[in-house]
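First up is the structure itself, then whatever we jot down about it.
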Amino acid sequence: TNPTLLNFGISAATSLRAGISPFTTVTAIGEDFDRQDTTSAREEIPFNASVSYRYSESHNAASIFKDHWIGWRVDLQPTAHWSVNYQQTYNWARHAVTDQRFEVTRDLHCWEMRFLWVPTGSGAGYYFRINVKSLPDLRLERSESGVLGAFGRKF
């Protein structure tokens, strides 16, 4: 028998980590007096972005099935206690968004809060949780649709 290729896949990914300086203000005081310039800039906001691509083929006796996916993710931390994440996967072969998620996390000293929203797909809905950090089982949860079952225990 001759060898036959049944499955093939290739993927690539890249990411960027940086800090964004959102605001810079400059104030000039006096024309005849000693000129005094003051610059105040907020600390940089940590920023992480990534892009990935995947191509796959599956062969069987009757047909060849091909898929192309492109995905991206953006993470921001606007303050020391807030973080925001957005990610999306797009299936190029089917011209459809296959996964989309938006998450907000807040550190509340000894408590933490998470909100996850999945706008489309089989897991569409939301998940909200607030819990004690040292006792994760002590929590208040609320969800709608398939989000708790799919993602609730992942946090």
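Using a 1.4 angstrom probe on the protein heavy atoms only, line up LYS66, LYS133 by accessible area, largest first. Walk me through the numbers on the way to the answer.
Values: LYS66 105, LYS133 85 Å².
Sorted by accessible area, descending: LYS66, LYS133.
Give the long-range amide H neighbours of TRP92: residues separated by 5 or more places, or on another chain, with amide H under 5 Å away, using H modelled in the peptide plane at 1.01 Å from N.
Sorted by chain and number, the residues that satisfy this are HIS68, TRP69, ILE70.
Leaving out ligands and nucleic acids, note down the accessible area per residue over the stretch 96-138 with a 1.4 angstrom probe, in whole Å².
Details: 2410 Å² over 43 residues.
Heavy-atom SASA per residue in the stretch 96-138 reads 56 Å².
By the scheme Lys and Arg +1, Asp and Glu -1, what is the net charge of all other residues having a beta-carbon under 13 Å from that of ALA93?
Around ALA93, the surrounding residues sum to +1.
Using the Cβ atoms and a cut-off under 10 Å, what net charge is assigned to the surroundings of TRP111, where Lys and Arg are +1 and Asp and Glu are -1? Don't skip to the answer; put the middle values down first.
Numbers: positive: ARG106, LYS133, ARG139; negative: ASP107, GLU112.
Charge balance in the 10 Å sphere: +1.
The values are calculated or read from the model by the stated rules, or taken from the named source; none is laboratory data. These numbers come from a predicted model, not from an experiment. Quick reminder, even Gly has a Cβ in these numbers, built from the backbone with ideal geometry, and neighbours come from all protein chains shown. In case anyone asks, the SASA skips ligands and DNA or RNA and just uses the protein heavy atoms, side chains included. Shrake-Rupley method; radii C 1.70, N 1.55, O 1.52, S 1.80 Å.
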